[in-house]
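Asker: There's a structure below that I have some questions on.
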Amino acid sequence: MPQKKTPQRSCVACRQTADKRALLRFVRGADGQVHLDPTGRAAGRGAYLCADAACMAKASKSHLLDRALRVRLTEQDYQKLGSEHASLVSQQDSSVV
Ligand SMILES: [Zn+2]
């Protein structure tokens, strides 16, 4: 079977490079709102994070998504994104088994 090359992306928190599909994508939409993009296909500027609560916490603490997406996010935004991230991570965990 021919191996398909998957794009590599790096996590904004730990800088580790991984397969695009192994990372969770955050996107800044046309409305300027940042949200999690479970499909990885939404239009807009994107930033990637590992499916790891530690990376989400680090991004939130240091406002790493602000820089990556060139927006200004509030603590509330990070709380919302953090819970979206956590729920996706738990979904992934259960589907792996
Ligand atoms: Zn990471």
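The values are calculated or read from the model by the stated rules, or taken from the named source; none is laboratory data. Just so you know, these numbers come straight off a predicted model, no measurement behind them. Here the Cβ positions follow ideal geometry from the backbone for every residue, glycine too, while neighbour counts run over all protein chains shown. Ligands, DNA and RNA are stripped out before the accessible areas are found, and what is left, the full protein with its side chains, is counted by its heavy atoms. Shrake-Rupley method; radii C 1.70, N 1.55, O 1.52, S 1.80 Å.
Asker: Angle check, please: helix 75-96 long axis (alpha carbons) against the longest principal axis of the chain (alpha carbons), in degrees 0 to 90, nearest 10.
Answerer: It works out to around 20 degrees.
Asker: Here's another thing I want to ask about it. Using a Förster distance of 30 Å, how high is the FRET efficiency between Q8 and A30, based on the Cβ-Cβ distance and rounded to 0.05?
Answerer: My answer for the efficiency is 0.70.
Asker: Taking all protein chains in place and a 1.4 Å probe, what share, in percent, of the accessible surface of the chain do carbon and sulfur account for? All intermediate terms of the calculation are to be shown ahead of the outcome.
Answerer: Values: 3270 of 6550 Å².
Carbon and sulfur atoms account for 50 percent of the accessible area of the chain.
Asker: Write down the accessible area per residue of the chain in Å², having rolled a 1.4 Å probe over the full set of protein chains.
Answerer: Roughly 68 Å² per residue, with all protein chains present.
Asker: State the number of lysine pairs found in the chain whose Cα atoms come within less than 18 Å, restricting to pairs 8 or more positions apart or on distinct chains. Show your work: numbers first, answer last.
Answerer: Numbers: K4/K20; K5/K20; K58/K80; K61/K80.
For the chain, the number of qualifying lysine pairs is 4.
Asker: Another question, if that's okay. With the Cα gyration tensor of the chain in hand, give its eigenvalues times 5 under a square root as the equivalent ellipsoid semi-axes, listed largest first in whole angstrom.
Answerer: They are 22, 16, 13 Å, listed largest first.
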